[in-house]
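Only one structure is covered here, and it is reproduced in the block below.
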Amino acid sequence: MATIKQELPNGPLSVVLFQMQYAPILEIDKYIPAIQDYCRKVGFPQITKMRGDMLKIGQNGEVEKTIVVQWVFASADYQRTLFIDTEKLTFQVFDLADYSFEDLLATFMQLMNKIDELVDFSLINGLGLRFINTIEEKPELTWQAAIKPEFQGCPFPDDVHWADNGLLTWALQRMVRLPEVKMTSNLLVRIYQNAAGRKYPEDIIRDPRGVIDYVSSGPLVTYADLDHFIVFQNGAKDAIVPKSKEVFIALHTVIENVFFTSLITEEAKQLWS
C-alpha cells in the first residue's frame, strides 16, 4: 500500500489521528486505573488529566457549558498520545520519520480492542482517520506552488487597498461510497494557514504540558488537513468492531488518493521525493 511518507520521504505529513467514538460512558473514570496499567506497559507511561469547557447548543438556541475531562496517555517523548474521555478514543502520532500506516493501524487496533475489553463499549458511533500536512513556506517551494490552484480560494479585487496579505481558509466536504466495506463516509478537506509558525493546528495538543512546536523555516505555514470519517446510527459493536480494520484501510485509501491526485502539484512531489 502506497503511503505519503513512502512516496514522499521529505513530505509535509505532520500528524496522523485515529479515532473511535462510542456511546457515552459517564463513569469512564473508574476504568482509568486499569487502562493506565495497560498503557504504561505498551509504551505510554506518561499520564495527564485535562479539563476543558465545551459549549453545546440546545434545541431552543440556549447555550450550555459543560466541563470535559480527558485522560492523556503518552509515550516518554510525547510523540504518541492516546486521549480518552466519556465519548471517544483518539490516537495521535507525531513521530512519522519511519511512517508505516499498517504499523500505526495495528497499534491502534491493539489499543482499541484492549480498552474495549476493559470497559465493554456498547454502541460505536463513529470511526475516523485524519491526516494533517504542514507545508512550510520556503524559497524553493511556496504554498502556492505546492497546492493546486483550485484549492487556493477565490481571488480578491486588485483595486482594493488591502492592509495585509490575508490568511487562506478553504474547505469542502463530500460523501464517499466505500464499496469494499459497503458503507458511506464523509471526507472533509481543509486548507488553512497560521502566521505564527505553529507546526500543528491549534486544535491539536501534541504535549498536554503546554509545549507548542514551531517550524524552523519562517512564520507562515499552510495546513492541508484531510479528515475522513463514518458516523453510525445505532452502530452495534458486534457489527462494527470486526470490520474496523477494513474501514480504516478504506478511509486511508481515499485520503491518499485525494492528496496525491487532486491536492498537491507535480513540483511539490518532486521536491518532497
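The shape of region 186-226 comes out oblate: with a ≥ b ≥ c from the C-alpha gyration tensor, a/c is at least 1.5 while a/b does not beat b/c. Pairs of Cα atoms nearer than 8 Å and 6+ residues apart set the relative contact order; for the chain it is 24 percent.
Test of understanding: in a Gaussian network model of the chain with alpha carbons linked when under 10 Å, which of Q144, Q233, Q19 would top the mean-square fluctuation ranking? Of Q144, Q233, Q19, the Gaussian network model singles out Q233 as fluctuating most. A Gaussian network model of the chain, with springs between Cα atoms under 10 Å, assigns the largest mean-square fluctuation among V247, V68, V16 to V68. Using the structure shown, select from K49/K88; K30/K245; K245/K269; K114/K199 the pairs with a Cα to Cα distance greater than 21 angstrom. Pairs exceeding 21 Å: K30/K245; K245/K269; K114/K199. Taking Y192, Y223, Y31, Y214 and ordering them by how much accessible surface each has at a 1.4 Å probe, largest first, produces Y214, Y31, Y192, Y223. Normalised per residue, the accessible area of region 176-273 is 48 Å², obtained with a 1.4 Å probe and no contribution from ligands, DNA or RNA.
Please work out whether region 79-232 counts as rounded, prolate or oblate from its C-alpha gyration tensor, where a ≥ b ≥ c are the square roots of the eigenvalues and a/c under 1.5 means rounded, while otherwise a/b larger than b/c means prolate and anything else oblate? In terms of gyration-tensor shape, prolate.
Quick one: grab the alpha carbon gyration tensor of region 73-164, order the square roots of its eigenvalues as a ≥ b ≥ c, and give me rounded if a/c is under 1.5, else prolate or oblate depending on whether a/b is larger than b/c. Prolate is the answer for region 73-164, as a/c is 1.5 or above and a/b outweighs b/c. At the residue level, I264 shows approximately 0 square angstrom of accessible surface with a 1.4 angstrom probe and all protein chains present.
Within the listed set A195, A146, A224, the Gaussian network model of the chain (springs between alpha-carbon atoms below 10 Å) gives the highest mean-square fluctuation for A195.
Ordering V231, V160 by accessible surface, largest first, gives V231, V160; the 1.4 Å probe counts only protein heavy atoms, with every chain in place.
The values are calculated or read from the model by the stated rules, or taken from the named source; none is laboratory data. On a predicted model such as this, the values are computed, not experimentally measured, just so you know. With ligands, DNA and RNA removed, areas are computed over all heavy atoms of the protein, side chains included. Shrake-Rupley method; radii C 1.70, N 1.55, O 1.52, S 1.80 Å.
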